[in-house]
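This report refers to the structure that appears directly beneath it.
The values are calculated or read from the model by the stated rules, or taken from the named source; none is laboratory data. Fair warning: this is a prediction, and the values are worked out from it, not measured in the lab. Using ideal geometry, Cβ is built from the backbone for each residue, glycine included, and neighbour counts are taken over all protein chains shown.
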Amino acid sequence: MGTEPSPAAADVPEPPKGSSAAPHLILIDGSGYIFRAFHALPPMTRPDGVHVNAVFGFCSMLGRFLEQHAGTHIAVVFDSARLTFRNEFYPAYKAHRPEPPEELIPQFALIREATAAFGVSCVELPGFEADDLIAAYAKAMEAQGGQVTIVSSDKDLMQLVRDAVQLLDPIKQKPIRAPEVFEKFGVTPDKVVEVQALAGDATDNVPGVPGIGIKTAAQLITEYGDLETLLARAGEIKQPKRRETLLENAEKARISRRLVQLDADAPLPEPIEAMVAKPPEPARLGAFLREQNFRSLMARMGVGDARASIPSRVSSGPAPVVEADPAAAPFGPYETITTEEALRAFLAGVDGVLGLDTETDSLDALKARLVGISLATAPGKAAYIPLRHGSNDILNPAPVQLSLEAVLALLGPVLTDPGTLKVLHNAKYDLEVLAQPANGGIAVAPVDDTMLISYAMDAGRWSQGMDPLSEQHLGHTPITFDSVTGKGPKRITFDLVPLDAATAYAAEDADVTLRLWLKLKPRLREEKALALYEQVERRMVGVLAAMEMDGIKVDGVELRRIGDDFAGRLVTLEAECHRIAGRAFNVASPKQLGEILFDEMGLKGGKKGKTGAYSTDARVLEDLSAQGAELPKVILEHRQLAKLKSTYVEGLASAIAADGRVHTDFSMAVTSTGRLSSTEPNLQNIPIRTAEGRRIRDAFIAEPGHVLMSADYSQIELRLLAHLAEVPTLRDAFEKGQDIHARTASEVFGIPLESVDKESRRRAKTVNFGIIYGISAFGLGAQLGVAPGEARGIIDAYFRQYPGIRNEMERLKEEARLKGYVLSPFGRRLWIRDIAAKDPVLRAGAERQAINAPFQGGAAEIIKRAMVRVPQALAAQGLQARMLLQVHDELVLEVPEAQVEATAMLMKHVMEEVAALRVPLVVEVGSGKNWADAH
DNA sequence: GGCATCACG
DNA sequence: GACGTACGTGATGCCA
């Protein structure tokens, strides 16, 4: 660690002049610290492979600073996104800056964690640079009569120097006040922006006036006072060349002034009162430093016990047997804990990491009663704590067991201990169960999730269920849930399972979970999936849990009205069907309908599928209807209303909970592409495409004083196509904000853009979608209603126009063939089964999946990243909006009426800036009293 | 419990 | 030259 930056301790400045009783705010320029730390230190990694050199340097500098300086208030200020309000009027501003190095990117989040671990406030705000926030806080503190020290060597901050505000160079530990500013700029601090406006700044792309440097600028400003006066009187300047350039570049100078002028009126994301300086909590800081394996810092800061870190234990193992093979220890017998002494003794064995599982009486986490808890401290060492077993029934008396209160008194502190990592399988469920007041209301943290660890590496390869993973990775078949509870009508709830069977099942699950973690967590680094897991999947657990627990309000009375309307019309439609058919039959039975249409009425249409039954789906019925048949049309209307009534009106109504809201369950690890899915009820397929269907959306409403807001990505998958494939004209179209389907029609069908008709645009749109689905002539033909031959011609024309897209499709198929998976744009491994199948049908299907998966998966990752940031951004701005639903490219929020504008701006900004593609991301935001109106 | 159908992106 | 598909989901009702 010899190269660690060690600022000299000498010459510690006094606070700026003023009474010592006055508040003194210290503002640390976080970005400056970060880049200095990163570049000053050689690469360092944690035992799990995460790069941490900047984190180390940052902690080191911050720790040292805190030891040497005392303010009454302190905060570290960070830059949020790349783009700020300055880019709105001058896009080139800082635009040429390179992306941060790859090893640094994952460290930004850790550095924010580090700041919090030191007990110091983190401040950032999308759309504003750290410098703006510093200016705003300095102004606010000065207005309160306090003093301000800004820790930064950024010369742009020199404009802020006043009697009450000084800079402190973090390297030289040298205060910067008016004399130092004059030395640098040749003017007093209040004239610095005038000089910068003229001189410009090449590193930030601030143009200035060509040929004028700081010296000349200072001279001119000293003479004329400020930029505007100078420009107004530029004609008086004697030197002809200088006069000319000034007159020519007046506008550049004005823009430059706007670029360098810091926005002291920027909003304050956090009140100054919340920034009170306090010493770090040793437990919290120790836990963080231990997690990073910063033993020397732990020693220096005097926190925690600097022996083995959690990650290092994963690779080195607490005992040889574990390192050799997590599957080696026997699976049971396990302990049943029924006394406080036994629980104390078991918890004494907890060493940094704890396998955890809950048993309940329901799969619905929000309704579940906690029945028992199982824990595992090492492979083979697990126990079950029954809490609510047995009944009042004399035949099944409650066994001796600890009360929830007694258990939580001992276990609660472990579950919330920042130094003990809790490992669960499908953590979202257990976290929600334990968060229920009736189950203790515990906020478990920190948490790892073996289901998500597996999903980050093996999505689409195999199921992420605990039992299959145990088979796969441990070679062990766990006891099944069904075998202890029975199934079908004889199934009993878990509280009625005898304690010996309950322990064998439940403790084994905690044991298996811990062993899976030992086996899988180190693999994340090897498979380059660690960042995906840590920064996306793991953080989504809390985000989704909050969304599910919030739920969305649904108007049951409105649903009932719609249902009554549908019911009446269904009766009429059914009678109409029977009349046309000439006899009664079950309108909802495809089998009976097929027989009537094709056998009795003699319409033409073929058998289909292995079952040999007639197909009567919407496409077939529409064809028949187009040929003049009367019955299919009525059937179609009946089917539509029947679907709406059973699935949406009745299904939704029965899902309204006691709080008047519907709480879906988002599945985090079921899709092969990285998307979420939604069940019980599915709120990702609420109707929108037809007018009748949209009535269902009217019933999704906001609380009084609130509105629903919908923010959705426009054409995200096509933008990913333009990003991934070399397609100059598509990129151009997105850059210009053109109608992408019209542009495609123009280029593929060879018609001028302005004369593209509706039909051509529709066809082009279908082709664009087809491309993303892994186009085939047959499929496109079916969709367009043309012969495969004609579709083939369209596809050929498309690929001739966009050879880059064909190349990308071929590359993806090749990648899948070679490796068995394709990589999403953000590095998720998407496994493609059957890619090497002999069966050409199977293989062709797999190739289409290989083509589609990166687009669908890339879009899924973009919105997941946004979902992680939205709650943070809302909190930072003090907005009360709550994110309720995700529908693949759309986020639905409930927003206080007074905050609609601010929230809409924030959503657009966060979602659009979450990824930097080669084309812009565009988000459309709408709001209204219900979900239909929000679009 | 599998199949057909249809709701969404 | 033939093979039969558009990609990803979940809920419902029928029927064996």
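Structure data summary
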item: Test: A:Thr673 is within 24 Å of the chain's Cα centre (by Cα), within 12 Å of DNA strand B (Cβ to nearest atom) and surrounded by 19 or more Cβ atoms within 10 Å (Cβ to Cβ); result: yes
item: Any hit, region A:680-688, residues being within 8 Å of DNA strand C (Cβ to nearest atom), part of a loop (DSSP other than H, G, I, E, B), within 27 Å of the chain's Cα centre (by Cα) and over 20 Å from A:Ala934 (Cβ atoms); result: yes
item: Odd one out for A:Lys736, checked against (1) in the same structural domain as A:Ser824 (by TED's automatic domain parsing); (2) within 16 Å of DNA strand C (Cβ to nearest atom); (3) surrounded by fewer than 21 Cβ atoms within 10 Å (Cβ to Cβ); (4) modelled with pLDDT of 95 or more; result: (2)
item: Residue list for region A:736-769, filter: free of Cβ contacts under 8 Å to residues at least 24 places away in the same chain and closer than 28 Å to A:Val841 by Cβ; result: A:Thr766, A:Phe769
item: Identity of the residue in region A:656-670, surrounded by 17 or more Cβ atoms within 10 Å (Cβ to Cβ) and assigned to a loop (DSSP other than H, G, I, E, B), that ends up nearest to DNA strand C (Cβ to nearest atom); result: A:Thr664
item: Condition check for A:Pro179: surrounded by fewer than 15 Cβ atoms within 10 Å (Cβ to Cβ), in the same structural domain as A:Leu262 (by TED's automatic domain parsing) and not in a helix (DSSP H, G or I); result: no
item: A:Gln880 being part of a loop (DSSP other than H, G, I, E, B), over 30 Å from A:Ile775 (Cα atoms) and within 23 Å of the chain's Cα centre (by Cα); result: yes
item: Pairs where the first residue, in region A:569-592, is under 15 Å from A:Glu637 (Cα atoms) and the second is in a loop (DSSP other than H, G, I, E, B) and not acidic (Asp, Glu), C-beta under 6 Å, 6+ apart; result: A:Glu574/A:Val587; A:Cys577/A:Val587; A:His578/A:Ala584; A:Pro590/A:Thr616
item: Unmet criterion (only one of (1) aliphatic (A, V, I, L, M); (2) touching a residue at least 40 places away in the same chain (Cβ under 8 Å); (3) outside any loop (DSSP other than H, G, I, E, B)) for A:Leu408; result: (2)
item: A:Ala653 being crowded, with 16+ Cβ neighbours inside 10 Å and more than 8 Å from DNA strand C (Cβ to nearest atom); result: yes
item: Members of region A:817-851 that are within 11 Å of DNA strand C (Cβ to nearest atom), touching a residue at least 60 places away in the same chain (Cβ under 8 Å) and charged (D, E, K, R); result: A:Arg833, A:Glu847, A:Arg848
item: Restricting region A:593-606 to residues that are closer than 25 Å to A:Leu784 by Cβ and touching a Phe, Trp or Tyr at 6+ places or on another chain (Cβ under 9 Å), the residue that is nearest to DNA strand C (Cβ to nearest atom); result: A:Gly606
item: Residue in region A:492-503 that is farther than 30 Å from A:Phe826 by Cβ, assigned to a helix (DSSP H, G or I), among the hydroxyl-bearing types (Ser, Thr, Tyr) and touching a residue at least 60 places away in the same chain (Cβ under 8 Å) present; result: yes
item: Residues that are buried (at least 17 other Cβ atoms within 10 Å of the Cβ) and more than 10 Å from DNA strand B (Cβ to nearest atom), drawn from region A:693-709; result: A:Arg695, A:Asp698, A:Ala699, A:Phe700, A:Ile701, A:Ala702, A:His706, A:Val707, A:Leu708, A:Met709
item: Residues of region A:163-173 that turn out to be farther than 25 Å from A:Ala199 by Cα and either surrounded by 15 or more Cβ atoms within 10 Å (Cβ to Cβ) or modelled with pLDDT of 90 or more (or both), as a count; result: 4
